[in-house]
Amino acid sequence: MSLWQESAFDAMTAIGHRIDRERGGQPYFWTDLISKPPQLKHQSWDYCDMSGRWIDALIRGRLMTGSSLHLEDEEILKKFMLSRAGEDGLFYNEAKPEYGSTYAADMFCQSRVFLGLNTWFQNSGSNVVEGHLVRLSNRLANVAQWEGKYAWFPGSEWRDDRWLDADGTIAKFDPKVASALKAPGYRTTLLGGLVEYAELLDDKEAKRLALGLALNYIDRSGAIAPDGSYVGHTHSGGVLPTVLGVLRCGIALGDENLINWARKVYDFTITQISSFGWLADGIGFASDYFWGDFCETCGLADFIEIGILLTENKIGDYWNVVERCARNQLLENQIKDVKGLFNGPVSENLVAATIGSFACCALPNSYLGWDQGLEGCCIGSGIRAIYLFWRHGVKDDGQKLIINVPISRETEIAHVYSDDPFVGLLRIVMRRSGSVDLRKPFGNSGPIRITVNSKESSNLGEGEWFYLTGLAAGDEIIMKYGLPESKEKTVIAGKSYDLSWRGRTVMEINPPGKICLTYQRSNYLQSNKSKPDKVFAAEYREKLLPW
């Protein structure tokens, strides 16, 4: 498998070890690091949030890797998630006070159910799944309140035909997370999933609801300033998921105002992210704010998805930003080594459930910024982001191969092999006749050499792209380019760091973290000099998702 496929597969394996089969497939949201011994624990997020995310992730991972090894896990989670569907169409968390869980339909959690159902439906065309999507959308339309063109949900939790928290009080939650869960965006994270469903089944009422929710968030929530800036939690407070939903809505309806608003918020967020993709969970808060010190994979995944969606729809070009995030912080947020993580001996299952998972509170130089535990939501988000980067970074339409970033990928039209960051070399072997649009690597200041069947080619294009036409099956294209090494001093969350770059990849960060270190890539490169990224999985068994 390629680097990206391996990353997805390792995360899929971690999910498989976080499923409680004795409880019918209930996910374990929480890894408790301070209990003795450390252990997996259930929380309210297990029921709808985790099951929806992980179904989406396992399907995408399966399509990406061609591996069916986790099909059983996928089926268990599907059955479990559907068991949470109420007669009214909403999906309900179970009443489990010991897990901090109330029997209610949480609006944030409906958004993750949409993730699972939409991806499942696109992959299978199941009438059962379609029915759940229709009922979920209809019930959301029924419980929403309207005033003119604006729609909103008065609360976050629904049960027995009423909002349990319409007064804005969510007393059961820890003060550390209350600011996120009371944010306006917490209730509109489902916007993106609602729009995706509406497009899949051409549901006009769902599109109307989506537009009403989008306009209410933009005009009346007060969450985003007119210039696109905000104070809020990127993911848990719903800022970036809602921006993604507004963008999807704007594209679906051809509404330039929605599109421009989403882009404005995204452009502001770019000013808040580090050069290598470290994005604070809490943006705009006081310097001593707890969540301002950590990067959550979920928020980073939202950021990557918005950048790809904007670019793929020709609303700006954000591949440079997206590539730096994916190559660096996204991959470094994945846990590859548990040395120093646990406070004593732990079960083999806990180790297996941890390796391959993604950080919820990463520092720039360590994946463990919060010593209390690890959250399971980031595994699903990590796989989704990896899939989208891999899916759209290199793509084809059957006639043309488009390479936005130099990564390894097998497509119907060609094999693409990348040795970056070992060396600046990209090799393309055509599987059928066609053409190749090849973007020049970002940040390259030296000459770029391209050969076709060992013959040097020139005059292949201007600007950022090379265009190769008239290629036949078996033709080999090689692009060689420099990977300039550079140093950068930066300040993140009030602390100074020294970065060592090789091309678009951060090789080392100093000072290093105290435990659970990240960016130890110089050592990896030295020990893997002869192992560039050149191995692929078998042919795809199924058609990839359009998104």
ask   = Looking at (1) modelled with pLDDT of 95 or more; (2) part of a loop (DSSP other than H, G, I, E, B); (3) farther than 16 Å from Asn216 by Cβ, can you tell me which one Lys172 breaks?
value = (1)
inquiry  = Condition first: under 19 Å from the mean Cα position of the chain (by Cα) and modelled with pLDDT of 95 or more. Can you find one or more residues in region 36-46 that meet it?
reply    = yes
key: Hits in region 1-42 - residues which are part of a loop (DSSP other than H, G, I, E, B), of a type outside the set (Gly, Ala, Ser) and either farther than 14 Å from Phe80 by Cβ or without any contact (Cβ under 8 Å) to a residue 60 or more places away in the chain (or both)   = Met1, His17, Leu33, Ile34, Lys36, Pro37, Pro38, His42
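Here is a yes/no grid of residues against (1) free of Cβ contacts under 8 Å to residues at least 60 places away in the same chain; (2) in a loop (DSSP other than H, G, I, E, B); (3) in contact with a Leu (Cβ under 6 Å, 6 or more places away or on another chain); (4) of a type in the set (S, T, N, Q):
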position: Val195; (1), (2), (3), (4): yes, no, no, no
position: Leu209; (1), (2), (3), (4): no, no, no, no
position: Leu213; (1), (2), (3), (4): no, no, yes, no
position: Gly222; (1), (2), (3), (4): yes, yes, no, no
position: Pro226; (1), (2), (3), (4): yes, yes, no, no
position: His235; (1), (2), (3), (4): no, yes, no, no
position: Leu244; (1), (2), (3), (4): no, no, no, no
position: Ala252; (1), (2), (3), (4): yes, no, no, no
remark   = Here the residues within region 145-158 that are surrounded by fewer than 17 Cβ atoms within 10 Å (Cβ to Cβ) and either in a strand (DSSP E or B) or in contact (Cβ under 8 Å) with a residue 40 or more places away in the chain (or both) are Gln145, Trp146, Glu147, Lys149
key: Which numbered condition Ser445 fails, given (1) touching a Ser or Thr at 6+ places or on another chain (Cβ under 7 Å); (2) over 23 Å from Pro364 (Cα atoms); (3) of a type in the set (Ser, Thr, Tyr)   = (1)
query = Looking at region 92-124, which of its residues are within 15 Å of Arg162 (Cα to Cα) and at pLDDT 95 or above?
reply = Tyr92, Tyr103, Ala104, Ala105, Asp106, Met107
query = Glu256: more than 23 Å from the chain's Cα centre (by Cα) and at pLDDT 95 or above, yes or no?
reply = yes
ask   = If Gly398 passes every condition in (1) more than 27 Å from the chain's Cα centre (by Cα); (2) surrounded by fewer than 13 Cβ atoms within 10 Å (Cβ to Cβ); (3) of a type outside the set (A, V, I, L, M) but one, which one does it miss?
value = (1)
ask   = Across region 56-72, which residue is farthest from Tyr197 (Cα to Cα) among those that are among the aliphatic types (A, V, I, L, M) and buried (at least 20 other Cβ atoms within 10 Å of the Cβ)?
value = Met64
ask   = On the given criteria, is Ser435 surrounded by 14 or more Cβ atoms within 10 Å (Cβ to Cβ) and either on the phi < 0 side of the Ramachandran plot or modelled with pLDDT of 95 or more (or both)?
value = yes
ask   = Any idea how many residues of region 78-93 are crowded, with 20+ Cβ neighbours inside 10 Å and assigned to a helix (DSSP H, G or I)?
value = 3
message = Can you pull out every residue in region 254-274 that is part of a loop (DSSP other than H, G, I, E, B) and crowded, with 16+ Cβ neighbours inside 10 Å?
response = Asp255, Ile273, Ser274
Condition check for Lys543: at pLDDT below 95, under 27 Å from Tyr367 (Cβ atoms) and either of a type in the set (Phe, Trp, Tyr) or out of contact with any strand residue (DSSP E or B) (no Cβ under 6 Å at 6 or more places or on another chain) (or both) = no
ask   = Among the listed residues Glu75, Glu98, which satisfies the condition of being among the acidic types (Asp, Glu) and either more than 18 Å from Trp30 (Cα to Cα) or surrounded by 22 or more Cβ atoms within 10 Å (Cβ to Cβ) (or both)?
value = Glu75
task = Go through (1) in contact with a helix residue (DSSP H, G or I) (Cβ under 7 Å, 6 or more places away or on another chain); (2) under 27 Å from Ala280 (Cα atoms) and name the single condition Ala198 misses.
result = (2)
ask   = Hey, does region 40-55 have a residue that's surrounded by fewer than 23 Cβ atoms within 10 Å (Cβ to Cβ), small (Gly, Ala, Ser), under 24 Å from Val195 (Cβ atoms) and out of contact with any strand residue (DSSP E or B) (no Cβ under 6 Å at 6 or more places or on another chain)?
value = no
key: Search result, residues across region 90-122 that are of a type in the set (Gly, Ala, Ser) and in contact with a strand residue (DSSP E or B) (Cβ under 9 Å, 6 or more places away or on another chain)   = Ala95, Ser101, Ala104, Ala105
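Per-residue answers, yes or no, for (1) in a loop (DSSP other than H, G, I, E, B); (2) without any contact (Cβ under 8 Å) to a residue 40 or more places away in the chain; (3) not small (Gly, Ala, Ser):
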| site | (1), (2), (3) |
| --- | --- |
| Leu300 | no, no, yes |
| Glu323 | no, no, yes |
| Ala326 | no, no, no |
| Asp371 | yes, no, yes |
| Ile386 | no, no, yes |
| Gly398 | yes, yes, no |
request  = Please go through region 276-298 and pick out each residue that is at pLDDT below 95, of a type in the set (Phe, Trp, Tyr) and either farther than 14 Å from Gly237 by Cβ or in a loop (DSSP other than H, G, I, E, B) (or both).
outcome  = Phe285, Tyr289
request  = Pick out the one residue from Val506, Val452, Val491 that is under 30 Å from Gln372 (Cβ atoms), surrounded by fewer than 19 Cβ atoms within 10 Å (Cβ to Cβ) and either among the hydroxyl-bearing types (Ser, Thr, Tyr) or at pLDDT 95 or above (or both).
outcome  = Val491
message = Could you go through region 94-112 and let me know if any residue there is in contact with a Leu (Cβ under 6 Å, 6 or more places away or on another chain) and in a helix (DSSP H, G or I).
response = yes
ask   = When Leu133 is evaluated against the numbered criteria (1) at pLDDT below 95; (2) surrounded by 19 or more Cβ atoms within 10 Å (Cβ to Cβ), which criterion, by number, is the only one it fails?
value = (1)
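The values are calculated or read from the model by the stated rules, or taken from the named source; none is laboratory data. Being a predicted model, the structure only gives us computed values, none of them experimental. Counting neighbours? That spans all protein chains shown, and the Cβs are built from the backbone with ideal geometry, glycine included.
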